[in-house]
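Below is one structure, written out as structure tokens, with a few remarks after it.
The values are calculated or read from the model by the stated rules, or taken from the named source; none is laboratory data. What you see is a predicted model, and the numbers here were worked out from it, not measured in a lab. Virtual Cβ from ideal backbone geometry, glycine too; neighbours counted across all protein chains shown. Please note that ligands, DNA and RNA were not included when accessible areas were found on the heavy atoms of the full protein model with its side chains. Shrake-Rupley method; radii C 1.70, N 1.55, O 1.52, S 1.80 Å.
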Amino acid sequence: MIFANIGYLFLLILLIPYIVWYILKHKQSEPTLQVSDTRVYKYAPKSIRIYLLHLPFILRLITFILIILVLARPQTTDKWQNSEVEGIDIMLAIDISTSMLAEDLKPNRLEAAKDVASRFINGRPNDNIGITLFAGESFTQCPLTVDHSVLLNLMQSIQCGLVEDGTAIGMGIANAVTRLKDSQAKSKVIILLTDGTNNMGDISPLTAAEIAKSFGIRIYSIGVGTKGTAPYQYRTAMGVQYVNVEVDIDEETLIQISAATDGEYFRAESTSKLQEVYQEIDKLEKTKLNVKEFSKREEEYKWFALATFAALLLELIMRYVVLKRIP
């Protein structure tokens, strides 16, 4: 809890002379009676009024304290701060063409890629990470962010069929470049996951790679899929059937894309192979990011105002009803 007008708290010092005054006044005004022997009063019953004698003063003291706290405007808030953390800027460019449903990686290529990417995100809490998806077209699923809880939720919603089918690798790279080109990070990375050959889009993969290079962006390419054939699920009138389809990854182009941007190409025939990409990224130079943390302030003085009213009311009842004196 913080106070908007913290200077009012210095008024609490004035309560010290008030307490001293009350003690001295009580001693001077206390009635006395001289007797030769007080043993006769030893077992005399004491009224509850004796124990409540100083309660009105205590309640008034509490009232003054609460009034000062109300004037100081107590507020609850999280800490506002700008912090610097170490990290790099990364865009995940993920192929969502229907061929990513092939089941040579379990449960399929897309789900395996999502799982490994999610674990990668969890392992890099200080990085700015975003997601670009592409098939026949490309779009941004999530811009660069350090809010990884949102990122992971969006990751889980990725599926095939969100856009026209096909494989526009060049468009996927270009879309990711637009998200990274204005970044101030010293290390900017695109992790490109695909299982096919570029067959759609207005920008060729190598042209997109040259654009990325001009902005100092490094591309790590991953060819997802086993060599040879892979089981693919078809839905027919007779139910679900599996056929083995040829795995056609344009490795030569992916190698050229990575080489042009000082990146590296990986062939991921299993989910464990995907981890090699992330181990390589960990070796990159890291840069400082300014992270602003915001919070909402809530005024809490109303509770102190209600307590002030309750304390004052109780004091008046004690002073003029329970402990009323007859002059």
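Here the accessible area of the range 175-253 is 47 percent carbon and sulfur, with a 1.4 angstrom probe and all protein chains present.
K188 contributes about 20 Å² of solvent-accessible surface, heavy atoms of the protein only, 1.4 Å probe.
In the full protein context, the range 106-257 carries 46 Å² of accessible surface per residue, based on a 1.4 Å probe and ignoring ligands, DNA and RNA.
Highest mean packing first, where packing is the average number of other Cβ atoms within 10 Å per residue, the peptides 313-322, 173-182 line up as 173-182, 313-322. Do the alpha carbons of any pairs in K114/K273; K188/K283; K114/K213; K114/K227; K213/K283; K188/K227 sit beyond 23 Å of each other, and which pairs? Over 23 Å Cα-Cα: K114/K213; K188/K227. Would you please give the FRET efficiency between E210 and E252, computed as 1/(1 + (r/R0)^6) with r the Cβ-Cβ distance and R0 = 22 Å, to the nearest 0.05? E(calc), rounded to 0.05, equals 0.85.
Among 9-17, 90-98, 62-70, sorting by the average number of other beta carbon atoms lying within 10 angstrom of each residue, highest first, gives 90-98, 62-70, 9-17.
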